[in-house]
């Protein structure tokens, strides 16, 4: 924008409208500027003003013309068509974009050279330090995961800190920025905060040293009573109703409110926090806590739902709060559950009761951990047949609220993946070894500090085998779909993987499921300096995410011989038929379990409280009016349809294979 000096006539006009300036020569204005809408304004330092030509229409229909009224500006650039009025103190050292509305604010200033929250160290997991994650605008859940957990590679930690510091220093400035089409109303003090386009701040109490990375496609809302210090809030997020954040990173499309308080915590995409408290947590994507009495502390979570009164302790009154815990993806805690850290809970597990024995069930996913008389009882695999587990897996993709085209986190929603299925292989082996070591007739088996009943152990083996059949069958059917084969050699050629990448162990890097070899390769490149920018690290994670299904098939191909006893290089159409028959049996079997689990929700016991003053028939009618009837329930009909579709899919492949098998 081209600026010019004020004319003598304009200066006279501004003075007549109760405007003051320390030095009128240091004020520049855009071409087309008029003095008509500038009243009771004081200028100092270098000030640049745009034009004031348009109106703002406020809720209720009232209109206000753009302009400056009752405001002090010091070293400020104001864009075109802004309305700034009733600033109790002043605005200093800021560049303000076009069409921004600022009213009834205490003060907005940048003091000294600020990095606007970039580089702030957040002490996650261990309150006493040792796992600090320096936050930045470009922080992804995956970078943070490696920063926090890969402390066995100190050179990696040092390089990542150096990369973050470089980014923070590069974006440091002695001038703050408020973007275009921003609204700031009835707010207290804003100091050293960078605010992106289309952000709305209404009634916030105090915002110090941070970045609000709002953008047109994904605006950020900061609401009443919010206090934030040393923070970064990513695009599309909503922080409202007295939330208090200190040394926190808030990822894309998060919602924090209803007096939620958090310190030294990281919240990644689509997290929700209301009423409760967080301290030193690593909240991976879709970590949800809604209850006043819930405390999450010194733990790592993702795809997690915390029940009311859920709590953890991270010390045993000896050396202080030094312990930490991990609930792997998809875990849930029931009301009033308690875990004494350290502990590690396997993926998609349910925790009920009080657990003080430091269990590690990471290789027994989809389990129930139930406390009875201060003892942790483990039921392996039973969550595979739970309606709630499947419903959760279906709802997460639908609840992804990110509208920003530039995603920070790369999220894999798959319930069955090499990550979870490799744990089922290990879990099955653990259970078989327990049975062999203690005898098939034992009533109770001991695993670490947990107990497993005989019936639960037998059922766990069956459930893990069923899920493995389902996963490997899915992979084979997907690989062979929509192709005609003339002989066994063509089948084998199609089955051969496209890449060697994917064999071996897989990891869940805070929502991203990837081969550990690819993570190790990236880490090596970071240590050597060949990958040295946050943007480039995130691009590497994106490639892993995009190549997931290619890598997944490589892993599944390697497991065929281990599980079925068939060498893939010698596989025949007859072998495929046998595997698909097992797959059909597994899919239909699991769906029937889900069907029966769903039926419990429509049992007579579930109708308790319905038809409060009526007969049994009225109770049933009342229940159906509120909940619907079983057969027409959307989930139930979806299960029945799934059985039908999957059976047809398996039969179609079997039909093609029979043409070759003869």
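The values are calculated or read from the model by the stated rules, or taken from the named source; none is laboratory data. Predicted, not measured: the structure shown is a model, and the values here were computed from it. Here the Cβ positions follow ideal geometry from the backbone for every residue, glycine too, while neighbour counts run over all protein chains shown.
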TODO: Kindly indicate whether any position in the stretch 577-586 is within 27 Å of residue 385 (Cα to Cα), at pLDDT 75 or above, out of contact with any helix residue (DSSP H, G or I) (no Cβ under 7 Å at 6 or more places or on another chain) and in the same structural domain as residue 507 (by TED's automatic domain parsing).
DONE: no
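Okay, residues lined up against (1) without any contact (Cβ under 8 Å) to a residue 60 or more places away in the chain; (2) over 18 Å from residue 414 (Cβ atoms); (3) surrounded by fewer than 21 Cβ atoms within 10 Å (Cβ to Cβ):
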| residue | (1), (2), (3) |
| --- | --- |
| 460 | no, yes, no |
| 479 | no, no, yes |
| 489 | yes, yes, yes |
| 499 | yes, yes, yes |
| 507 | no, no, yes |
| 538 | no, yes, yes |
| 546 | yes, no, yes |
| 559 | no, no, yes |
| 564 | no, yes, yes |
TODO: Check every one of the strands (runs of 3 or more DSSP E) wholly within the stretch 191-289 and list those with 1 or more residues that are more than 19 Å from the chain's Cα centre (by Cα).
DONE: 200-202, 206-212, 227-233, 244-250
TODO: Note down all Cβ pairs under 7 Å where the first residue falls in the stretch 422-438 and is farther than 15 Å from residue 454 by Cα and in the same structural domain as residue 557 (by TED's automatic domain parsing), the second is at pLDDT below 95 and surrounded by 13 or more Cβ atoms within 10 Å (Cβ to Cβ), and they're at least six residues apart or on different chains.
DONE: none
Task: Total residues in the stretch 345-375, condition in contact (Cβ under 8 Å) with a residue 24 or more places away in the chain and touching a strand residue (DSSP E or B) at 6+ places or on another chain (Cβ under 8 Å) - done: 15
TODO: Mind listing whichever residues of the stretch 34-47 are buried (at least 21 other Cβ atoms within 10 Å of the Cβ) and either outside the structural domain of residue 7 (by TED's automatic domain parsing) or in a loop (DSSP other than H, G, I, E, B) (or both)?
DONE: 35
Open item on the list: Within the stretch 362-378, take every residue that is over 23 Å from residue 308 (Cβ atoms) and modelled with pLDDT of 90 or more and give me the one that is surrounded by the fewest Cβ atoms within 10 Å (Cβ to Cβ).
Closed with: 362
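Take the conditions closer than 28 Å to residue 344 by Cβ and touching a strand residue (DSSP E or B) at 6+ places or on another chain (Cβ under 6 Å) and apply them to residue 463. Does it pass?
No, not satisfied.
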Open item on the list: buried (at least 19 other Cβ atoms within 10 Å of the Cβ), in contact with a helix residue (DSSP H, G or I) (Cβ under 8 Å, 6 or more places away or on another chain) and touching a residue at least 60 places away in the same chain (Cβ under 8 Å): is that true of residue 156 in this structure?
Closed with: no
Task: Residue among 513, 537 that alone is within 26 Å of the chain's Cα centre (by Cα), under 26 Å from residue 268 (Cβ atoms), in a helix (DSSP H, G or I) and at pLDDT 90 or above - done: 537
TODO: Evaluate the following for residue 531: is it in contact with a helix residue (DSSP H, G or I) (Cβ under 6 Å, 6 or more places away or on another chain), without any contact (Cβ under 8 Å) to a residue 12 or more places away in the chain and surrounded by 15 or more Cβ atoms within 10 Å (Cβ to Cβ)?
DONE: yes
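Quick check on the stretch 330-353: of everything there that is assigned to a loop (DSSP other than H, G, I, E, B) and out of contact with any helix residue (DSSP H, G or I) (no Cβ under 8 Å at 6 or more places or on another chain), which residue is modelled with the lowest pLDDT?
The extreme case among them is 341.
Scan the stretch 99-117 and give yes if some residue there is within 30 Å of residue 511 (Cβ to Cβ) and either at pLDDT below 95 or surrounded by fewer than 24 Cβ atoms within 10 Å (Cβ to Cβ) (or both), otherwise no. Show your work before the answer.
Narrowing the stretch 99-117 to residues within 30 Å of residue 511 (Cβ to Cβ): 115-117.
Going one step further and asking which of them are either at pLDDT below 95 or surrounded by fewer than 24 Cβ atoms within 10 Å (Cβ to Cβ) (or both), we end up with 115.
Checking the stretch 99-117: at least one residue is within 30 Å of residue 511 (Cβ to Cβ) and either at pLDDT below 95 or surrounded by fewer than 24 Cβ atoms within 10 Å (Cβ to Cβ) (or both).
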Open item on the list: Condition (residue is in a helix (DSSP H, G or I), in contact with a strand residue (DSSP E or B) (Cβ under 7 Å, 6 or more places away or on another chain) and surrounded by 21 or more Cβ atoms within 10 Å (Cβ to Cβ)) applied to the stretch 161-182: is it met by at least one residue?
Closed with: yes
- [ ] Mind listing whichever residues of the stretch 404-418 are closer than 30 Å to residue 219 by Cβ and in contact with a strand residue (DSSP E or B) (Cβ under 9 Å, 6 or more places away or on another chain)?
- [x] 404, 405, 406, 409, 410, 411, 412
- [ ] Among the residues of the stretch 295-322, write down those that are out of contact with any helix residue (DSSP H, G or I) (no Cβ under 7 Å at 6 or more places or on another chain), crowded, with 24+ Cβ neighbours inside 10 Å and assigned to a loop (DSSP other than H, G, I, E, B).
- [x] 298, 302, 304, 310
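Results for (1) touching a strand residue (DSSP E or B) at 6+ places or on another chain (Cβ under 8 Å); (2) assigned to a helix (DSSP H, G or I); (3) modelled with pLDDT of 85 or more; (4) exposed (fewer than 14 other Cβ atoms within 10 Å of the Cβ), shown as yes or no for each residue.
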residue	(1), (2), (3), (4)
569	no, yes, yes, yes
590	no, yes, no, no
606	no, yes, no, yes
611	no, no, no, no
614	no, no, no, yes
Open item on the list: Being part of a strand (DSSP E or B), within 29 Å of residue 128 (Cβ to Cβ) and touching a residue at least 40 places away in the same chain (Cβ under 8 Å): is that true of residue 378 here?
Closed with: no
Task: Residues of the stretch 48-79 classified as more than 37 Å from the chain's Cα centre (by Cα) and not in a strand (DSSP E or B), total - done: 8
